[in-house]
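Some notes on the structure that comes next.
The values are calculated or read from the model by the stated rules, or taken from the named source; none is laboratory data. The structure displayed is predicted, hence computed values, not measured ones. Here Cβ is always computed from backbone atoms with ideal geometry, including for glycine, and neighbour counts include all displayed protein chains. Quick note on the areas: whole protein, heavy atoms, side chains included, nothing else; ligands and nucleic acids left out. Shrake-Rupley method; radii C 1.70, N 1.55, O 1.52, S 1.80 Å.
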Amino acid sequence: MSLKKKLIVLNTTIMLGLGSAFAIPSVKAESITDIQSQRTGIQSDISEAEQVIQQLKKEQSKMNAQIAQIESAMKENDEKIKDTKQEIKDTEKDIESLKKEIKALEERIAKREEVLKERALSFQESGGDVEYLEVVLGSKSFGEFVNRVGAVATIVEADQQILSEQEADKADLEKKQATVEKKLQSLKDMEVELKGMQSQIEDQKAETVNMKAKIEKKESETEALKQSLENKDAGLEAQIASIRENIKKEEERKASEKADLDRAAEEVNSSNASSEGSSSSSSEESSSSSKGEASAKSSSKAESSSNSSKNSSAAKPAASKTEASTKPSSANTGSAITAGYKYIGNSTYKFGGGRTASDIANGLFDCSGFVAWAYKQAGVNLPASTDALKGAGRQVSSSQKQPGDLVFFNTYKTDGHVGIYVGGGKFIGSQSSTGVAIANMDSGYWASKFNGRVVRVN
């Protein structure tokens, strides 16, 4: 083989080495671009997850405040139950005491009746219908006359006293019996209320447990999602670092090979420069031309790869998240309805609540207390009990109910719950599990409890 051919082969080898040195990092650079594009998407998801976590923390703070309100109301309800139980015991003691008094009165009345019967019998045996005047005038002497007058007066006075005491005791007996009956009825009512209170507290406890479970579940799921995304991102970052390290090693190896080839070429050119000057010059021109073409091809390929990466990045849709929120209708259904909107999601059911400034300030209502308060904001005074609210206006057909009408439900007792109809098959009221809220009365729990009673406030 001639020296010229050897130089051509050597230069070709050098160019192939250079081409390989440029081509391999270019391919790996494309891999880095693809992975970086994936990282961008994942980092966007991580950012969204962090936003969800922040929103969740706000919800947690709000739910914790609600739980604190519920626990406070539960504590007050527990105290109310204790007071009610004590009142029941005191009432039972009063009833036992009244029963003893009634028994003593009945015994005294029975004894007086026996005395009166004996007097009547004695009177009948001594003459029947003989009047006291005849007894006095029938005396045979003045002394007998005086004695008879005194005896008659004593008998008359004693009879009148007995009769007077008898009538007083009978009246007292009737009064005490009425008191007993009233206290017994009051006791029964308190027992019903107590059961209702216990039911409401159980609902509140269940709701508290449910709320806490939701908080824990949301927190766990969101943290797990964020951790998963961070792990995936870290993995991709490690891949990029590994590829870059491989590119660096490959470039170093190719640079070393190029240096070796360059030294070999210089040795060949140096040893044959005098005899093959023209051939060497021609070979160098050819090598330079080939090198330029290879460089242009490599540059064109890198630009094509960059454009492809950009197009791929542009074609990927941006991540978006649409948050839907449902709010109760704010239609103009009267100030009695809209007054309660500010307490939606910011109140707690409390048995007997809504009747003091402190309860109202802290959003503590029971159903009838809320209705009375809401209508008071509209300038209408209503009683704060479900039984009294039934007579607060005129009853209308369920099919004719309008926003602002009072609707009643059979819960722990008949008409045990009341709310204000807002239209669309919904009502606003203070529910044991939610506090002040808008609930559906056309389906679900409240549909099964609605008893058809609708009262239109006059």
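For this structure, a couple of remarks:
- FRET efficiency estimate (nearest 0.05) - Cβ-Cβ, Ser44 to Asn231, R0 25 angstrom: 0.95
- In the range 26-105, the portion of solvent-accessible area held by carbon and sulfur atoms comes to 48 percent [1.4 Å probe, whole percent, DNA, RNA and ligands not counted].
- Accessible area per residue in Å² at 1.4 Å probe, computed on the range 327-458: 42
- For the range 241-249, Karplus couplings with θ = phi - 60° (6.51, -1.76, 1.60), whole Hz, Gly/Pro x: 4, 5, 5, 4, 5, 5, 4, 4, 5
- Out-of-range pairs (alpha-carbon distance over 25 Å; input Lys100/Lys170; Lys82/Lys350; Lys226/Lys248): Lys226/Lys248
- Carbon plus sulfur fraction of accessible area for the range 369-429, probe 1.4 Å, in percent: 41
- Rolling a 1.4 Å probe over the protein heavy atoms leaves Glu174 with an accessible area of roughly 130 Å².
- Accessible area in the full protein assembly, largest first, 1.4 Å probe, for Arg263, Arg456: Arg263, Arg456
- All Cα pairs of the range 29-94, percent lying beyond 18 Å: 69
- When each of the peptides 87-93, 437-443 is scored by the mean number of other C-beta atoms lying within 10 Å of its residues, the order from highest to lowest reads 437-443, 87-93.
- Computed from label points 7 Å out along Cα-Cβ, the spacing between Ser199 and Ala110 is 4.4 nm.
- Linear extension gain, Ala224 paired with Asp262, 0.36 nm per residue minus alpha-carbon span: 8.0 nm
- Two-site FRET efficiency, Asp172 against Lys93, from Cβ-Cβ distance with R₀ of 30 Å, rounded to 0.05: 0.90
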